[in-house]
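Data block below; observations after.
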Amino acid sequence: MKGFFDDPRLYQILTLSGLLAFGWAARAFNINPVHFGAVILTACVAQALGSFMIATKPDLKSPLITALSLTLLLRADSAWPLMAAAAIAIGSKFMLRLNGKHIFNPANIGIVAMVVMTDAAWTTPGQWGTAIWFAALLAGAGLFVTYRAARFDVPLIFLGSYAILLFGRAIWLGDPLAIPMLRLENGALILFAFFMISDPKTTPDGAAARAAFAGGAALLAYFLTFHFYLADGLFYALAIISMIRPLFEWFNPAQHYQWGDPVTRPKILRRFMPPVKTPAHAAPAE
Amino acid sequence: MNRSLKKTLFAAASAIAAITVTGGAVAFCGFYVAKADTKLFNKASKVAIMRDEDRTVITMANDFQGDLAEFAMVIPVPVVLEEEQIHVTENAILDHLDAYTSPRLVEYFDEDPCVMYERREMMAMAAPAMDEVTVTGSKKDSLGVTIEAQYTVGEYDILILSAEQSDGLSTWLKQNGYKLPDGAEETLGSYIKQGTKFFVAKVNLEEQAQTNLKYLRPLQIAFESPKFMLPIRLGTLNADGKQELFVFTLTRKGRVETTNYRTVKLPSNMDVPVYIKSQFGDFYKSMFEQQVVKENERAVFLEYAWDMNWCDPCAADPLSQNELRELGVYWTGGDQPGILPRRPTPPAQDVFVTRLHVSYDAAHFPEDLMFKETGDRSNFQGRYVLRHPYKGDAKCDAAENYRAELPKRFEKEAQALANLTGWDIDDIREKMNDAGQSFEEPKKDSWWKRLWGTDDKEG
């Protein structure tokens, strides 16, 4: 039997809900409860429909995480762009597949699709106050500590690479280091690192490939933000690198992750994190 | 059972209907009562930015007060500008934009509580003042610095410079008589490495004399660049203390916000004591300063976000198509004289205006302001409400209740004001008392008097 918290998604749902409540209470996010409900409903219905089509039992944990992520990161004046984002997000899991895995992180592709295709939805990268940034960091760190078993080397590598690039740029330009610090103190960035790009279902399974994936995403995000001046560079970077993920996997093949599995880690991180217990279930379903 | 359920459903449905009705336009424009002092903020600059895709027009107001021969400003620009890309416009247009977007005071008069409520509205506005960031000097030549172009536009002599080294540029500027603040070299170096050019403007005294104006007109530049930003770093260097900046953006899709700093809505739609009417300027200034501190001095404030077709209440009429074209809104027709309507009419100009207000210094705003246009077209305005109590001699149960409620309402207003501005609450209460907003509970009739009534009421 699996323990209650063996599945990191439960922890994610709790922390994302907590962040949302905090952001809402601190009035940092202008969230309409009706929109929120509509996004949850759309995501769950889409998941149920998709599961029905491929004749599997619907699990509502994933669509709930997607709905929470969308509510935290995407804004709109009306409900429909958010519902469309949720439908695209969940739909992509069933329709856009390669190597037996879905290509895109659901919330990520939902955001990118709506931002690229319409003007009706937008992200608000600058609207996280320091308090919420700190809360997001704590939540992310908590996730990391609790589930070091799962593949949370991704946020470390991503954030580390991104920070090196930002500080490198500041040093090259002769800028005060307050500038890269300001850029790193961004709640959306922290949320992206701990709750989006780290999704074990859409990161490569091999440890080396995963490190390259996270580092590559950071490099891409940096170029899109600072050389192409795209305010949503972070989200585009993940969508683009997800499309070439099969290449990483081809060089470094490994068994597909199932929720609750422990995973392999790059050697450098293994020193800090001892090996973990055996898989909670005997064999992967796929 | 079934009946009660039906009733509930009906009640719920009508509640939604009510929300929809009041959520729509309960629009009526008030009329103008007073204008607050326009010199509210010292060292403030006003900048209007038209932005559509990569197309950008920046209009910089110029409130330079000193000797015109001493005036000079250095602005980082993303590209080398041709002469046709530089323009001089009229102060009045920016002043109009400022007035149209200003926080406003709205006045309501309580009607006789014994009669049906009716409302009237008046308003006042506060317009801030501005001051351009300046570096003084004159010019010469050379030192690894390339003069890309040199023009005279209106009363300004303009140089477009590019440089390879920051020390070369700073030496060149110093040799040419520009006083550079400490730390300028590092900042210039950062801009140079990012491929930035420099726009240096000085006053051409002969041309200026020909304008017959006592002031300098706003300079405008038009260019295409993927960067949607406003350079503020050079301005933080020579400033003693904080600087005020008002940014007005004119866009097509919707509201503009900063991506590297929080954009926070200024508290709005509060009931404030009636004596504020004569001190609206002070109120706005104190409130703004208080909010800046509340947000740890790191926030940009949203003061207005509205479709340019209308306003409610209007602090000033919306800008005409000609004025908008002058500010760079190239997609409007222009040439149609007359005042635009104050109410929602068929969308004519497709212009969304955002007013941002920031009080900045290098410690809290190390990086330039980076902007982003969102799809948000919801309206926002800084609006503060005065509610004059009914002074007439009303005698009915409703009037008694109304009077009994007043002290509580005044107390709420006093607390809201103290909270918004950081002013002393006892001071506020005293001023409210002087203005006729008394906190004393009205004497209540005894219960038997209310039971059997008095002489002038029926028994």
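The values are calculated or read from the model by the stated rules, or taken from the named source; none is laboratory data. Everything numeric in this text was worked out from a predicted model, so none of it was measured. Note: ideal-geometry Cβ built from the backbone for every residue, glycine included; neighbour counts use all protein chains shown. Side chains are part of the model used for accessible areas, which takes the heavy atoms of the whole protein and leaves out ligands, DNA and RNA. Shrake-Rupley method; radii C 1.70, N 1.55, O 1.52, S 1.80 Å.
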Check your understanding: Any residue in region A:134-154 that is of a type in the set (Asp, Glu) and either in a loop (DSSP other than H, G, I, E, B) or without any contact (Cβ under 8 Å) to a residue 12 or more places away in the chain (or both)?
Key -> no
For region A:86-106, pairs from a residue that is touching a residue at least 40 places away in the same chain (Cβ under 8 Å) to a residue that is open to solvent by 50 Å² or more (accessible area, probe 1.4 Å) and aromatic (Phe, Trp, Tyr), with Cβ under 8 Å and 6 or more apart or across chains, are A:HIS102/A:PHE94
Here the residues within region B:272-297 that are touching a strand residue (DSSP E or B) at 6+ places or on another chain (Cβ under 7 Å), charged (D, E, K, R) and crowded, with 18+ Cβ neighbours inside 10 Å are B:LYS277
Taking region B:367-387 and keeping only residues that are part of a loop (DSSP other than H, G, I, E, B) and away from chain A (no Cβ under 14 Å), one is left with B:GLY382
Here the residues within region A:170-218 that are touching an Asp or Glu at 6+ places or on another chain (Cβ under 7 Å), part of a loop (DSSP other than H, G, I, E, B) and within 14 Å of another protein chain (Cβ to nearest Cβ) are A:GLY174
Restricting attention to region B:258-282, the residues that are under 21 Å from B:PRO76 (Cα atoms) and not β-branched (Val, Ile, Thr) number exactly 2
Does any residue of region B:247-259 turn out to be away from every other protein chain (no Cβ under 14 Å), at negative phi, more than 17 Å from the chain's Cα centre (by Cα) and of a type in the set (A, V, I, L, M)? no
Only one of (1) under 24 Å from B:GLN220 (Cβ atoms); (2) more than 9 Å from chain A (Cβ to nearest Cβ); (3) without any contact (Cβ under 8 Å) to a residue 40 or more places away in the chain does not apply to B:TRP172, and that is (1)
Residues of region B:226-243 being open to solvent by 20 Å² or more (accessible area, probe 1.4 Å) and assigned to a strand (DSSP E or B), in sequence order, are B:MET229
Exactly one of B:LYS285, B:LYS265 is within 14 Å of chain A (Cβ to nearest Cβ) and under 30 Å from B:LYS408 (Cα atoms), and that one is B:LYS265
Filtering region B:409-432 down to residues that are more than 26 Å from the chain's Cα centre (by Cα) and surrounded by 15 or more Cβ atoms within 10 Å (Cβ to Cβ) yields B:ARG409, B:PHE410, B:GLU411, B:ARG429, B:LYS431, B:MET432
Whether any residue in region A:132-152 is within 14 Å of another protein chain (Cβ to nearest Cβ) and buried (at least 18 other Cβ atoms within 10 Å of the Cβ) is what I want to check. yes
The correct count of residues that are under 22 Å from B:ALA363 (Cβ atoms) and among the hydroxyl-bearing types (Ser, Thr, Tyr) in region B:167-209 is 3
Of those in region B:312-351 that are charged (D, E, K, R), farther than 15 Å from B:ALA99 by Cα and in contact with a helix residue (DSSP H, G or I) (Cβ under 9 Å, 6 or more places away or on another chain), the residue modelled with the lowest pLDDT is B:ASP335
Of A:LEU177, A:LEU165, A:LEU182, the only residue that is modelled with pLDDT of 75 or more, open to solvent by less than 30 Å² (accessible area, probe 1.4 Å) and in the same structural domain as A:ALA211 (by TED's automatic domain parsing) is A:LEU182
Across (1) open to solvent by less than 50 Å² (accessible area, probe 1.4 Å); (2) assigned to a helix (DSSP H, G or I), A:TRP122 clears everything bar (2)
When B:VAL79 is run through (1) at pLDDT 80 or above; (2) under 26 Å from B:TYR360 (Cβ atoms); (3) crowded, with 20+ Cβ neighbours inside 10 Å, the failure sits at (3)
- Task: Check whether at least one residue in region A:75-91 is more than 14 Å from chain B (Cβ to nearest Cβ) and among the hydroxyl-bearing types (Ser, Thr, Tyr), and report yes or no.
- Result: no
Counting only residues in region A:200-221 that are closer than 29 Å to A:GLY129 by Cα and out of contact with any Lys or Arg (no Cβ under 9 Å at 6 or more places or on another chain), the one surrounded by the fewest Cβ atoms within 10 Å (Cβ to Cβ) is identified as A:LEU219
Within region B:388-424, the count of residues that are under 30 Å from B:GLU289 (Cα atoms) and either in a helix (DSSP H, G or I) or modelled with pLDDT under 90 (or both) comes to 18
When restricted to A:ALA231, A:ALA254, the only residue out of contact with any His (no Cβ under 7 Å at 6 or more places or on another chain), surrounded by fewer than 18 Cβ atoms within 10 Å (Cβ to Cβ) and either outside the structural domain of A:LEU70 (by TED's automatic domain parsing) or assigned to a helix (DSSP H, G or I) (or both) is A:ALA254
Note: among B:GLY183, B:GLY195, just one is open to solvent by 10 Å² or more (accessible area, probe 1.4 Å) and more than 10 Å from chain A (Cβ to nearest Cβ), namely B:GLY195
